[in-house]
Amino acid sequence: MVEENNRKKILHIVEAFAGGIFSILVDLVNSTCNEFDIVIAYSKRVQTPENFKSYFASNVKFIEVENFTRNISLKKDLKAFFEIRKIIKEEKPDIIHLHSSKAGFLGRFAANGNKIKILYNPHGFSFLMQDSSKLKRKIYWLIEKIGAFRKCTIVGCSQGEYEEALKLSKNAICINNGLNVDKLQNETKNFKTRDIDFDNLKICTSGRIGYQKNPKLFNKIAESFPEFKFTWIGDGDLKNKLTSKNITITGWKTRAEVLELVNENDIFILTSLWEGLPVSLLEAMYLGKVCIVTDCIGNRDVIKNGENGFIIDEENYKEIINSLNNNICQEVSKAAKQDILNKFNLEKMTEEYRREYYG
């Protein structure tokens, strides 16, 4: 542990303070708050837990950025820029760690990278969002390219995101997202394992029911297997796309409830159109679920087809689901959990971030 007066201060700036980014930030901050002074500048989203401060260690300081918004708004973004600049001036951090595109762009221009070390995690580049027009995606790419001229290290949270980052800047590294295995083990120690009934499969996914997660494909898969029970753990503005009668929508649940619901299912499906590196997938792998995912950045950086899960498209999902048997599921789920323990764990992730913070 570093002495109080010699400790570096880290300012985390995060607009997308929810979902997988929230989970990763909780674990990263709680793993480093005994050796760094930590401040989190944030904005709340619908999915942000009401008691979010209780997830973090008591010595973490929070500052709300009132004008942070998810969508582009010149008026609010300009106000958020000056809020961030004021926070930086008052807090005088040694390191600024930016999370998500909006914080990444505003934060890089509000801070001087020649004086303060800056890290930027896109957690899924905005120009990969397929619900945006080609023109918008080009604009998002241009915004990222302009931001990349500022002195900063871009951190890809998966190999695929790192490769995209290299197209923007040579100053990029890869640090895979990782799970807090010790915490997960404690949270799931009373979970019961269940034998798979292949005639009555239970299949689930989790996350916001939005374009990114491709509810249309999830619904198509459910319609193809009317004898199986499908569950979408979460909520969102596209829940009207989930029309198949065998789909249950749970609404937003606590983390503990999500883990329990995933554990009650046999298969975890992620039909995403794009990802950074999905925490929900890592958690399902740890729980030993058979994971079936689409072929996009993030998903394919974790799942090796036929080894620790399966990669599907709009055509081959029936063949893959129908081919499952007890031996295949046991081998795949065992390999998936082992990959979490070996490659995608918090200890490995935190050590790599520490190296960057001290470097």
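The values are calculated or read from the model by the stated rules, or taken from the named source; none is laboratory data. On a predicted model such as this, the values are computed, not experimentally measured, just so you know. When we count neighbours, we look across all protein chains shown, and the Cβ atoms used for this are built from the backbone with ideal geometry, even at glycine.
Taking GLU35 and the conditions (1) over 15 Å from the mean Cα position of the chain (by Cα); (2) farther than 25 Å from GLY113 by Cα; (3) of a type in the set (Asp, Glu), which numbered condition does it fall short on, given that it satisfies the others?
Condition not satisfied by GLU35: (2).
Within the range 24-43, work out how many residues are closer than 19 Å to GLY207 by Cβ and either surrounded by fewer than 16 Cβ atoms within 10 Å (Cβ to Cβ) or not assigned by TED's automatic domain parsing to the domain that holds ASP77 (or both).
Step one: filter the range 24-43 for residues closer than 19 Å to GLY207 by Cβ, giving 24-27.
Subsequent filtering for residues that are either surrounded by fewer than 16 Cβ atoms within 10 Å (Cβ to Cβ) or not assigned by TED's automatic domain parsing to the domain that holds ASP77 (or both) retains none.
Qualifying residue count for the region: 0.
Anything in the range 298-313 that is part of a loop (DSSP other than H, G, I, E, B) and surrounded by fewer than 23 Cβ atoms within 10 Å (Cβ to Cβ)? List them, or say none. Break it down stepwise before answering.
Of the range 298-313, the ones part of a loop (DSSP other than H, G, I, E, B) are 298, 303-304, 306-308, 313.
Selection gives LYS304, GLY306, GLU307, ASN308, ASP313.
Looking at the structure I just gave you, is PHE268 modelled with pLDDT of 95 or more and crowded, with 22+ Cβ neighbours inside 10 Å?
Numbers: modelled with pLDDT of 95 or more: yes; crowded, with 22+ Cβ neighbours inside 10 Å: yes.
Yes; evaluated as a whole, the condition is true for this residue.
For the range 279-297, what are the residues that are of a type outside the set (D, E, K, R), part of a loop (DSSP other than H, G, I, E, B) and at pLDDT 90 or above?
Residues satisfying the conditions are LEU287, GLY288, CYS296.
Any idea which residue in the range 25-43 is nearest to THR69 (Cα to Cα), counting only those that are in contact (Cβ under 8 Å) with a residue 40 or more places away in the chain and assigned to a strand (DSSP E or B)?
ALA41
Can you find, within the range 232-278, the residue that is farthest from PHE218 (Cα to Cα) among those that are β-branched (Val, Ile, Thr) and outside any strand (DSSP E or B)?
THR254
Given (1) surrounded by 15 or more Cβ atoms within 10 Å (Cβ to Cβ); (2) without any contact (Cβ under 8 Å) to a residue 24 or more places away in the chain, identify the lone condition not met by ASN177.
(2)
Restricting to the range 213-231, count the residues that are surrounded by fewer than 16 Cβ atoms within 10 Å (Cβ to Cβ), assigned to a loop (DSSP other than H, G, I, E, B) and of a type outside the set (D, E, K, R).
Count: 1.
Has the range 143-164 got any residue that is assigned to a loop (DSSP other than H, G, I, E, B), at negative phi and touching a Ser or Thr at 6+ places or on another chain (Cβ under 6 Å)?
Yes, that holds for at least one residue.
Can you work out which of the residues in the range 75-125 that are among the small types (Gly, Ala, Ser) and not in a loop (DSSP other than H, G, I, E, B) is nearest to VAL65 (Cα to Cα)? So that I can check it myself, show each step before the final result.
Start the filter on the range 75-125 by keeping residues that are among the small types (Gly, Ala, Ser), which leaves 80, 100-101, 103-104, 107, 110-111, 113, 124.
Adding the requirement that they be not in a loop (DSSP other than H, G, I, E, B) leaves 80, 101, 103-104, 107, 110.
On the way: ALA80: 7, SER101: 15, ALA103: 10, GLY104: 14, GLY107: 12, ALA110: 13 Å.
Step by step, filter the range 75-125, then rank; the result is ALA80.
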